[in-house]
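Structure, as C-alpha coordinates:
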Amino acid sequence: MRKIFTIILLITNTFYCQSQDKVAKDILEKISSVTKSYENIKIEFNFLMTNKTHNINEYQEGILELEKNKFRITMDDQIIINDGAIQWIYLKESNELQITENDPEENTMNPHDIFTIYEKGYKYKYIGKKSIDNNNYDVIDLFPKESINFTKITLIINTIKNQLKEIQIQDKNGGTYKYVIKNLMPNTNLSPFKFNQEDFPDIDIIDLR
(Lines give C-alpha, C1' and ligand atoms only; values in the text may rest on other atoms or scores of the structure.)
Protein backbone atom coordinates (compact mmCIF):
# COMPACT_ATOMS: atom_id res chain seq x y z
CA MET A 1 0.00 0.00 0.00
CA ARG A 2 2.83 2.39 0.87
CA LYS A 3 4.53 1.72 -2.51
CA ILE A 4 1.28 2.45 -4.36
CA PHE A 5 0.86 5.72 -2.45
CA THR A 6 4.46 6.70 -3.25
CA ILE A 7 3.95 5.99 -6.95
CA ILE A 8 0.72 8.03 -7.01
CA LEU A 9 2.52 10.89 -5.24
CA LEU A 10 5.38 10.83 -7.77
CA ILE A 11 2.98 10.81 -10.73
CA THR A 12 0.95 13.66 -9.25
CA ASN A 13 4.10 15.69 -8.59
CA THR A 14 5.32 15.07 -12.16
CA PHE A 15 2.07 16.33 -13.67
CA TYR A 16 2.12 19.34 -11.34
CA CYS A 17 5.68 20.25 -12.41
CA GLN A 18 4.77 19.88 -16.08
CA SER A 19 1.73 22.10 -15.52
CA GLN A 20 3.84 24.73 -13.77
CA ASP A 21 6.39 24.61 -16.59
CA LYS A 22 3.61 25.19 -19.13
CA VAL A 23 2.35 28.21 -17.16
CA ALA A 24 5.88 29.64 -17.12
CA LYS A 25 6.37 28.98 -20.84
CA ASP A 26 3.06 30.62 -21.78
CA ILE A 27 3.94 33.77 -19.81
CA LEU A 28 7.46 33.96 -21.24
CA GLU A 29 6.23 33.45 -24.80
CA LYS A 30 3.74 36.31 -24.43
CA ILE A 31 6.45 38.67 -23.16
CA SER A 32 8.77 37.65 -26.00
CA SER A 33 6.04 38.12 -28.61
CA VAL A 34 5.00 41.55 -27.33
CA THR A 35 8.61 42.73 -27.03
CA LYS A 36 9.52 41.58 -30.55
CA SER A 37 6.62 43.65 -31.90
CA TYR A 38 8.29 46.88 -30.69
CA GLU A 39 10.58 48.85 -32.98
CA ASN A 40 12.66 49.90 -29.99
CA ILE A 41 12.50 50.09 -26.19
CA LYS A 42 13.75 52.53 -23.57
CA ILE A 43 13.88 51.25 -19.99
CA GLU A 44 14.58 53.25 -16.83
CA PHE A 45 15.76 51.00 -14.01
CA ASN A 46 17.37 50.78 -10.59
CA PHE A 47 20.31 48.43 -10.10
CA LEU A 48 21.24 46.84 -6.77
CA MET A 49 24.24 44.57 -6.26
CA THR A 50 24.72 42.82 -2.93
CA ASN A 51 27.11 40.25 -1.54
CA LYS A 52 27.00 39.66 2.20
CA THR A 53 30.23 37.65 2.23
CA HIS A 54 32.25 40.49 0.68
CA ASN A 55 30.21 43.25 2.34
CA ILE A 56 29.08 44.70 -1.00
CA ASN A 57 25.97 46.84 -1.22
CA GLU A 58 25.87 48.97 -4.36
CA TYR A 59 23.03 51.02 -5.84
CA GLN A 60 22.83 52.80 -9.20
CA GLU A 61 20.23 54.17 -11.55
CA GLY A 62 20.36 53.45 -15.24
CA ILE A 63 18.75 53.61 -18.66
CA LEU A 64 18.73 50.78 -21.21
CA GLU A 65 17.91 51.48 -24.86
CA LEU A 66 17.37 48.66 -27.37
CA GLU A 67 16.82 48.72 -31.12
CA LYS A 68 17.30 45.58 -33.24
CA ASN A 69 20.89 44.45 -32.56
CA LYS A 70 21.93 47.77 -31.03
CA PHE A 71 21.91 48.85 -27.39
CA ARG A 72 23.02 51.60 -25.03
CA ILE A 73 23.35 51.32 -21.24
CA THR A 74 23.80 54.56 -19.29
CA MET A 75 24.63 54.22 -15.60
CA ASP A 76 26.17 56.33 -12.85
CA ASP A 77 29.69 55.01 -13.44
CA GLN A 78 29.77 54.02 -17.11
CA ILE A 79 28.21 54.15 -20.56
CA ILE A 80 28.12 51.15 -22.89
CA ILE A 81 27.13 51.61 -26.53
CA ASN A 82 26.94 48.83 -29.10
CA ASP A 83 25.91 49.40 -32.72
CA GLY A 84 26.09 45.73 -33.64
CA ALA A 85 29.61 46.01 -35.04
CA ILE A 86 31.54 48.13 -32.53
CA GLN A 87 31.25 48.44 -28.76
CA TRP A 88 32.27 51.50 -26.74
CA ILE A 89 32.69 51.36 -22.95
CA TYR A 90 33.21 54.70 -21.25
CA LEU A 91 34.38 54.71 -17.62
CA LYS A 92 33.39 58.01 -16.06
CA GLU A 93 35.73 58.01 -13.05
CA SER A 94 38.89 57.55 -15.13
CA ASN A 95 37.56 59.37 -18.23
CA GLU A 96 38.61 56.32 -20.26
CA LEU A 97 37.04 54.92 -23.43
CA GLN A 98 37.56 51.32 -24.52
CA ILE A 99 36.69 50.45 -28.12
CA THR A 100 36.34 46.84 -29.26
CA GLU A 101 34.73 44.90 -32.06
CA ASN A 102 31.39 43.44 -31.08
CA ASP A 103 31.58 39.74 -30.25
CA PRO A 104 28.17 38.40 -29.14
CA GLU A 105 29.72 35.09 -28.05
CA GLU A 106 31.90 36.85 -25.47
CA ASN A 107 28.92 38.48 -23.75
CA THR A 108 27.64 36.29 -20.93
CA MET A 109 24.30 38.05 -21.19
CA ASN A 110 23.45 40.51 -23.93
CA PRO A 111 20.67 42.99 -23.06
CA HIS A 112 18.74 41.71 -26.08
CA ASP A 113 18.55 38.29 -24.38
CA ILE A 114 16.53 39.56 -21.43
CA PHE A 115 13.19 38.88 -23.08
CA THR A 116 14.10 35.63 -24.86
CA ILE A 117 16.65 34.01 -22.54
CA TYR A 118 14.25 31.17 -21.76
CA GLU A 119 14.35 29.96 -25.37
CA LYS A 120 17.66 28.12 -25.09
CA GLY A 121 20.05 27.01 -22.39
CA TYR A 122 17.66 27.41 -19.46
CA LYS A 123 15.02 25.44 -17.62
CA TYR A 124 12.11 27.45 -16.27
CA LYS A 125 9.69 27.03 -13.40
CA TYR A 126 6.59 28.96 -12.40
CA ILE A 127 6.90 29.91 -8.71
CA GLY A 128 3.62 31.77 -8.07
CA LYS A 129 2.24 35.21 -7.36
CA LYS A 130 3.98 38.09 -5.58
CA SER A 131 2.48 41.35 -4.37
CA ILE A 132 4.47 44.57 -4.91
CA ASP A 133 2.92 47.94 -4.04
CA ASN A 134 -0.52 46.30 -3.87
CA ASN A 135 -0.13 44.87 -7.38
CA ASN A 136 0.14 41.16 -8.20
CA TYR A 137 3.02 39.83 -10.29
CA ASP A 138 3.99 36.37 -11.52
CA VAL A 139 7.36 34.91 -10.52
CA ILE A 140 9.38 32.58 -12.76
CA ASP A 141 12.78 31.05 -12.01
CA LEU A 142 15.28 30.20 -14.76
CA PHE A 143 18.06 27.67 -14.20
CA PRO A 144 21.01 27.27 -16.61
CA LYS A 145 21.29 23.80 -18.11
CA GLU A 146 25.08 24.09 -18.24
CA SER A 147 27.47 25.42 -15.62
CA ILE A 148 27.98 29.19 -15.95
CA ASN A 149 28.62 32.07 -13.56
CA PHE A 150 24.91 32.40 -12.78
CA THR A 151 23.02 29.81 -10.75
CA LYS A 152 19.51 31.25 -11.04
CA ILE A 153 17.61 34.10 -12.67
CA THR A 154 14.29 35.20 -11.21
CA LEU A 155 11.84 37.14 -13.35
CA ILE A 156 8.99 39.12 -11.79
CA ILE A 157 6.39 39.84 -14.44
CA ASN A 158 3.33 42.03 -14.91
CA THR A 159 1.16 39.58 -16.86
CA ILE A 160 -1.52 42.19 -17.51
CA LYS A 161 0.92 44.36 -19.47
CA ASN A 162 3.20 41.43 -20.45
CA GLN A 163 6.18 43.36 -19.12
CA LEU A 164 9.07 42.60 -16.80
CA LYS A 165 9.07 44.30 -13.41
CA GLU A 166 12.22 42.86 -11.83
CA ILE A 167 15.17 40.69 -12.81
CA GLN A 168 17.21 39.05 -10.05
CA ILE A 169 20.43 37.21 -10.90
CA GLN A 170 22.35 35.05 -8.42
CA ASP A 171 25.96 34.06 -9.06
CA LYS A 172 28.12 31.28 -7.68
CA ASN A 173 29.98 33.62 -5.32
CA GLY A 174 26.90 34.61 -3.34
CA GLY A 175 26.28 37.84 -5.23
CA THR A 176 22.81 39.06 -6.16
CA TYR A 177 22.16 41.49 -9.01
CA LYS A 178 18.72 43.07 -8.99
CA TYR A 179 17.25 45.21 -11.76
CA VAL A 180 13.99 46.98 -10.95
CA ILE A 181 12.23 48.44 -13.97
CA LYS A 182 10.72 51.83 -13.17
CA ASN A 183 9.50 52.71 -16.62
CA LEU A 184 9.34 50.88 -19.95
CA MET A 185 8.70 52.98 -23.07
CA PRO A 186 8.31 51.19 -26.42
CA ASN A 187 8.55 52.80 -29.86
CA THR A 188 10.16 56.05 -28.75
CA ASN A 189 12.77 58.40 -30.24
CA LEU A 190 16.32 57.22 -29.53
CA SER A 191 19.65 58.89 -30.22
CA PRO A 192 22.06 57.24 -32.70
CA PHE A 193 23.99 54.33 -31.20
CA LYS A 194 27.40 55.99 -31.54
CA PHE A 195 29.82 57.36 -28.96
CA ASN A 196 30.55 61.05 -29.57
CA GLN A 197 34.11 61.61 -28.33
CA GLU A 198 33.81 65.37 -28.77
CA ASP A 199 31.47 65.48 -25.78
CA PHE A 200 34.28 64.21 -23.51
CA PRO A 201 37.37 66.48 -23.57
CA ASP A 202 40.78 65.01 -22.67
CA ILE A 203 39.38 61.50 -22.90
CA ASP A 204 41.84 58.59 -22.75
CA ILE A 205 41.07 56.26 -25.67
CA ILE A 206 42.08 52.60 -25.73
CA ASP A 207 41.30 51.11 -29.14
CA LEU A 208 41.42 47.32 -29.03
CA ARG A 209 40.05 46.62 -32.50
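Tell me the residue from ILE43, ILE73 that is under 15 Å from the mean Cα position of the chain (by Cα), farther than 23 Å from ASP171 by Cα, surrounded by 15 or more Cβ atoms within 10 Å (Cβ to Cβ) and aliphatic (A, V, I, L, M), please.
Checking each option against the conditions leaves just ILE43.
Output the residues belonging to the stretch 143-163 that are farther than 25 Å from ASN40 by Cβ and either part of a strand (DSSP E or B) or open to solvent by less than 30 Å² (accessible area, probe 1.4 Å) (or both).
PHE143, PRO144, PHE150, THR151, LYS152, THR154 - these are the residues of the stretch 143-163 that are farther than 25 Å from ASN40 by Cβ and either part of a strand (DSSP E or B) or open to solvent by less than 30 Å² (accessible area, probe 1.4 Å) (or both).
Can you go through TYR126, TYR118 and tell me which one is touching a residue at least 12 places away in the same chain (Cβ under 8 Å), in a strand (DSSP E or B) and either of a type in the set (Gly, Ala, Ser) or buried (at least 16 other Cβ atoms within 10 Å of the Cβ) (or both)?
TYR126
Being without any contact (Cβ under 8 Å) to a residue 60 or more places away in the chain and not in a strand (DSSP E or B) is the filter; apply it to the stretch 164-190 and report the residue that is least open to solvent (accessible area, probe 1.4 Å).
LYS172
From the list GLU58, GLU65, GLU93, pick out the single residue that is exposed (fewer than 14 other Cβ atoms within 10 Å of the Cβ) and more than 22 Å from ASP171 (Cβ to Cβ).
From the options GLU58, GLU65, GLU93, the qualifying one is GLU93.
The values are calculated or read from the model by the stated rules, or taken from the named source; none is laboratory data. Keep in mind that this is a model prediction, so the values were computed, not measured. In this analysis, Cβ positions are derived from the backbone assuming ideal geometry, glycine residues included, and neighbour counts consider all displayed protein chains. For the accessible areas, the whole protein counts, side chains as well, though only heavy atoms, and no ligand, DNA or RNA atoms are used. Shrake-Rupley method; radii C 1.70, N 1.55, O 1.52, S 1.80 Å.
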